[in-house]
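Visitor: Would you mind keeping the following structure in view while I ask a few things?
The values are calculated or read from the model by the stated rules, or taken from the named source; none is laboratory data. Predicted, not measured: the structure shown is a model, and the values here were computed from it. FYI the Cβ positions are ideal-geometry reconstructions off the backbone, even for glycines, and counts take in every protein chain you see.
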Amino acid sequence: MAIWEKKRFKLIEKKLRKILKPWVIFLLILAVGMYLRFYRIEYVESFEWDQVRDSWVVRNILMGDYALLGPRTGIGHFHLPPLYYYFLAPFFYIWKLDPVALNYFNMLMNVINFVIIYKVTKNIFNEKAGLFVSLIYAVSHYLIGVNRVPWNVTLMPGVAALIFYGITQIYKERYKWVFGVWALSGFYFNLHFTAVFVTLIVLVSLMGVKDKVKVVKYSLFSLPLYFVWLIPTIIYFIQGGDDFLKFQDFWNVYYIGLHFRFMLHRLSFALVQFDSILYYSGFKLLKFVLPAIYGIWIVFFEKDSWKKLLGYLISLWFIIPLIGFTLYGGPLSEYYFLYNSVMVLYVFWYLQEKLLKTRFKQIFIILLLIFWGTYIYQNTKDLWVKPIEGGFKEQRDYVEDQLAKEGSISFSETDIRSYLFTIWGGESK
């Protein structure tokens, strides 16, 4: 009977392996991630200041008023390059200036994020790692909340992962990736001002490559690919724009120098993606414990030179921003660190892989299944059933009601209802 049962389970396992190909599993993970983020999104998310600003700017672009400046930073009030607005323009054109286009563009960007993260992780580590990282990325309550907001930071995790992958390929002597890494680093300025840290991370990462002469030469040839994304901003400066003066004021107000005690304070922010992704309030301490274990194991116990190198490269995505933000005395938000969210998942995978190579493998398999099963449940339990009222739909309904009654809405460039009223008839009146 026992032999027959074993044969039956092996047959079932063989059939499952045949049906559940890795790409099929990934598509299932993608479907779950997109459902949790975007099903009935019009009832889940309202459009606030950022989305109203973006709508007005894109509307003006489609009417011939081309933008040289992108979204404004919350601190300092200087601007990113404007590529994000031009990416939005075709969507606003198709949806006739309706800001619902923001959601559709955001959906596309999230699909791109998922594909990049899965492919990059699979190629750096292995297929199982790609599926694991994609799964946790899909179900993380924090990442779901950040991803479903339509704004310019959406692509930060995906582009950061692609830059990291490019760096690993350069270490494999695929030096043409130098051009891709610098082009992506320049592009990153359109996503968030932390692009300055990404540039420094790339510079320090490439210091250990084998053929330094070739990397330096290719990097110099890559300068046009890096700066091409900044051309609109440069034109704005030439025309007398004041962003440079704003940056000087920002520097004078917020630069405080390097202080070790303040660096310890900033350490909590540098590791904020650990506790944001772990989600459980009781696990706050793990954001210090897990990186410490990871660092100690990489430095003193890891024998594989490639994994040791990966550990060094991953650590730079935390260390350099820590130093950079220590020089800055202003406020921080957790989404400033979205670029290292994928690195956090890589640390989870590495530590988990080490546990599964011990003699207690069977015990750890059970414990990890319980832990991640509980994690998925706790992170998603409130997200499967979606609201049937509120959100952007409520904002739209209000405007439609006012138009039907031939009412009016006071103009405000920070209120999406004012924008909707304008494009749906208020402006023609």
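Visitor: Exactly one of (1) aliphatic (A, V, I, L, M); (2) under 29 Å from Leu83 (Cα atoms); (3) surrounded by 16 or more Cβ atoms within 10 Å (Cβ to Cβ) is unmet by Ile238. Its number?
Guide: Condition (3) is where Ile238 drops out.
Visitor: Using the structure shown, decide if Thr121 is assigned to a helix (DSSP H, G or I) and buried (at least 22 other Cβ atoms within 10 Å of the Cβ).
Guide: yes
Visitor: Specify which of the listed residues (Tyr328, Tyr350, Tyr377) is closer than 30 Å to Tyr254 by Cβ and of a type in the set (Ser, Thr, Tyr). Can you show your working first?
Guide: On the way: Tyr350 fails: closer than 30 Å to Tyr254 by Cβ; Tyr377 fails: closer than 30 Å to Tyr254 by Cβ.
Only one candidate qualifies: Tyr328.
Visitor: Which condition breaks for Tyr335 when tested against (1) within 25 Å of Val139 (Cβ to Cβ); (2) not in a helix (DSSP H, G or I)?
Guide: Single failed check for Tyr335: (2).
Visitor: Out of Leu135, Leu184, I need the residue that is among the hydrophobic types (A, V, I, L, M, F, W, C) and under 19 Å from Val32 (Cα atoms). Which one? Please lay out each step first, then the result.
Guide: Details: Leu184 fails: under 19 Å from Val32 (Cα atoms).
On inspection, the qualifying residue turns out to be Leu135.
Visitor: Within the stretch 386-414, can you find the residues that are under 26 Å from the mean Cα position of the chain (by Cα), within 14 Å of Glu42 (Cα to Cα) and in a loop (DSSP other than H, G, I, E, B)?
Guide: Lys386, Pro387
Visitor: From the list Gly425, Gly373, exactly one residue is of a type outside the set (Val, Ile, Thr) and either farther than 30 Å from Gly145 by Cβ or modelled with pLDDT under 90 (or both). Which is it?
Guide: Details: Gly373 fails: either farther than 30 Å from Gly145 by Cβ or modelled with pLDDT under 90 (or both).
Testing whether each residue is of a type outside the set (Val, Ile, Thr) and either farther than 30 Å from Gly145 by Cβ or modelled with pLDDT under 90 (or both) leaves just Gly425.
Visitor: Condition first: in a helix (DSSP H, G or I), within 28 Å of Arg53 (Cβ to Cβ) and either among the aliphatic types (A, V, I, L, M) or within 12 Å of the chain's Cα centre (by Cα) (or both). Now tell me which residues in the stretch 138-160 satisfy that.
Guide: Initially, the stretch 138-160 is screened for residues in a helix (DSSP H, G or I), giving 138-139, 141-147, 156-160.
Pick out the ones that are also within 28 Å of Arg53 (Cβ to Cβ) and you get 141-147, 156-160.
Result: Tyr142, Leu143, Ile144, Gly145, Val146, Asn147, Met156, Pro157, Gly158, Val159, Ala160.
Visitor: Another question about this same structure. Give just the number: which of (1) touching a helix residue (DSSP H, G or I) at 6+ places or on another chain (Cβ under 9 Å); (2) surrounded by fewer than 19 Cβ atoms within 10 Å (Cβ to Cβ); (3) not β-branched (Val, Ile, Thr) does Pro331 not satisfy?
Guide: (1)
Visitor: Looking only at the stretch 359-385, count how many residues are within 18 Å of Phe38 (Cα to Cα) and either charged (D, E, K, R) or in a loop (DSSP other than H, G, I, E, B) (or both).
Guide: Going through the stretch 359-385, the residues within 18 Å of Phe38 (Cα to Cα) turn out to be 376, 379-385.
Subset that is either charged (D, E, K, R) or in a loop (DSSP other than H, G, I, E, B) (or both): 381-385.
Total meeting the criteria: 5.
Visitor: I need a count of the residues in the stretch 254-296 that are of a type outside the set (Gly, Ala, Ser) and outside any helix (DSSP H, G or I).
Guide: Within the stretch 254-296, the subset of a type outside the set (Gly, Ala, Ser) is 254-256, 258-267, 269, 271-275, 277-280, 283-291, 293-294, 296.
Okay, now just the ones that are also outside any helix (DSSP H, G or I), so 255-256, 258-259, 271, 279-280, 284-285.
Number of matching residues: 9.
Visitor: Hey, could you check the stretch 264-291 for residues that are among the aromatic types (Phe, Trp, Tyr) and closer than 15 Å to Tyr335 by Cβ and say which is surrounded by the most Cβ atoms within 10 Å (Cβ to Cβ)?
Guide: Of the residues in the stretch 264-291, the ones among the aromatic types (Phe, Trp, Tyr) are 269, 274, 279-280, 283, 288.
Okay, now just the ones that are also closer than 15 Å to Tyr335 by Cβ, so 269, 274.
Working: Phe269: 18, Phe274: 25.
Only one residue tops the list, namely Phe274.
Visitor: Among the residues of the stretch 31-54, is any within 22 Å of Phe187 (Cβ to Cβ), free of Cβ contacts under 8 Å to residues at least 40 places away in the same chain and surrounded by 15 or more Cβ atoms within 10 Å (Cβ to Cβ)?
Guide: no
Visitor: With within 24 Å of Ala129 (Cα to Cα), in a loop (DSSP other than H, G, I, E, B) and more than 19 Å from the chain's Cα centre (by Cα) as the only criterion, which of Lys308, Lys303 stands out? Break it down into steps so the answer makes sense when it comes.
Guide: Working: Lys308 fails: in a loop (DSSP other than H, G, I, E, B).
Residue meeting the stated conditions: Lys303.
Visitor: Turning to a different aspect of this structure: Given the criteria surrounded by 11 or more Cβ atoms within 10 Å (Cβ to Cβ) and touching a Lys or Arg at 6+ places or on another chain (Cβ under 9 Å), does Gln378 qualify? Walk me through it before giving the result.
Guide: Working: surrounded by 11 or more Cβ atoms within 10 Å (Cβ to Cβ): yes; touching a Lys or Arg at 6+ places or on another chain (Cβ under 9 Å): no.
Here the answer is no, as Gln378 does not meet what is asked.
Visitor: If we keep just the residues of the stretch 241-263 that are at pLDDT 90 or above and surrounded by 14 or more Cβ atoms within 10 Å (Cβ to Cβ), which is nearest to Leu143 (Cα to Cα)?
Guide: It comes out as Met263.
Visitor: Identify the residue in the stretch 73-91 that is among the aromatic types (Phe, Trp, Tyr) and in contact (Cβ under 8 Å) with a residue 40 or more places away in the chain and, among all such residues, is farthest from Val228 (Cα to Cα).
Guide: Taking the stretch 73-91 first, the residues among the aromatic types (Phe, Trp, Tyr) are 78, 84-87, 91.
Next, only the ones that are in contact (Cβ under 8 Å) with a residue 40 or more places away in the chain stay: 78, 84.
Working: Phe78: 19, Tyr84: 15 Å.
The selected residue is Phe78.
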